[in-house]
Amino acid sequence: MLRTGILNPQINALLSRFRHTNTIVIADRGFPFWPQIETIDLALVDDIPKVTDVLRALQPVVSYGAVFMAKEFLEHNPAALAADYRALTNGIPTTFEPHPQFKLRVPQAIGLIRTADITQYGNIILESA
């Protein structure tokens, strides 16, 4: 029995396939459903869990080479939240791009973890190192 680390078996299975240059999407509650991508739905109630909760859980077990977010995130959220995201991705430079362009990356992801986050444009794509 696992006693520490990621306890969710679906997330563990997804992370075991997260290899060089693969991407994973961590999305908010309103992110569209993509039938061609494995989706792990963690949404419980508003903001439980948040994208940052998932990032915090992944931080000690996953190595990122690139991070992508919608540039609209910076326009609609406080700088302190952007700093939280930056810290939780180990300071890897984030590529901010228009939301429609960000969504073009989604079909290439090996999985999507849906949260109940209500942060505007709080979705993030992590690329394995």
Search result, residues across the stretch 73-90 that are part of a loop (DSSP other than H, G, I, E, B), touching a strand residue (DSSP E or B) at 6+ places or on another chain (Cβ under 8 Å) and at negative phi: Thr89
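Go through the stretch 22-50 residue by residue and tally those that are assigned to a loop (DSSP other than H, G, I, E, B) and either surrounded by 15 or more Cβ atoms within 10 Å (Cβ to Cβ) or in contact with a strand residue (DSSP E or B) (Cβ under 6 Å, 6 or more places away or on another chain) (or both).
At the first step, the residues of the stretch 22-50 found to be assigned to a loop (DSSP other than H, G, I, E, B) are 22, 28-38, 42-44, 46-47, 49-50.
Subset that is either surrounded by 15 or more Cβ atoms within 10 Å (Cβ to Cβ) or in contact with a strand residue (DSSP E or B) (Cβ under 6 Å, 6 or more places away or on another chain) (or both): 22, 28-29, 31, 34, 37-38, 42-43, 47, 49-50.
Going through the stretch 22-50 one residue at a time, the tally reaches 12.
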Contacts under 7 angstrom Cβ, first residue in the stretch 12-37 being touching a residue at least 60 places away in the same chain (Cβ under 8 Å) and closer than 18 Å to Gly65 by Cβ, partner charged (D, E, K, R) and crowded, with 20+ Cβ neighbours inside 10 Å, 6 or more apart: Thr21/Glu127; Thr23/Glu127
Every pair of residues 6+ apart whose Cβ atoms lie under 9 Å, when the first sits in the stretch 51-72 and is part of a loop (DSSP other than H, G, I, E, B) while the second is β-branched (Val, Ile, Thr): Gln59/Thr89; Val61/Ile6; Val62/Ile24
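With Leu2, Leu44, Leu14 as the choices, which residue is out of contact with any helix residue (DSSP H, G or I) (no Cβ under 7 Å at 6 or more places or on another chain) and at pLDDT below 95?
Leu2
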Qualifying residue in the stretch 91-114 (condition: out of contact with any strand residue (DSSP E or B) (no Cβ under 9 Å at 6 or more places or on another chain), in contact (Cβ under 8 Å) with a residue 24 or more places away in the chain and within 15 Å of Glu127 (Cβ to Cβ)): yes
Of all residues in the stretch 66-86 being exposed (fewer than 13 other Cβ atoms within 10 Å of the Cβ) and among the small types (Gly, Ala, Ser), the one that is nearest to Leu14 (Cα to Cα): Ala83
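The values are calculated or read from the model by the stated rules, or taken from the named source; none is laboratory data. Keep in mind that what you see is a predicted model, and the values were worked out from it rather than measured. Glycine gets a Cβ as well: all are built from the backbone with ideal geometry, and neighbour counts include every protein chain shown.
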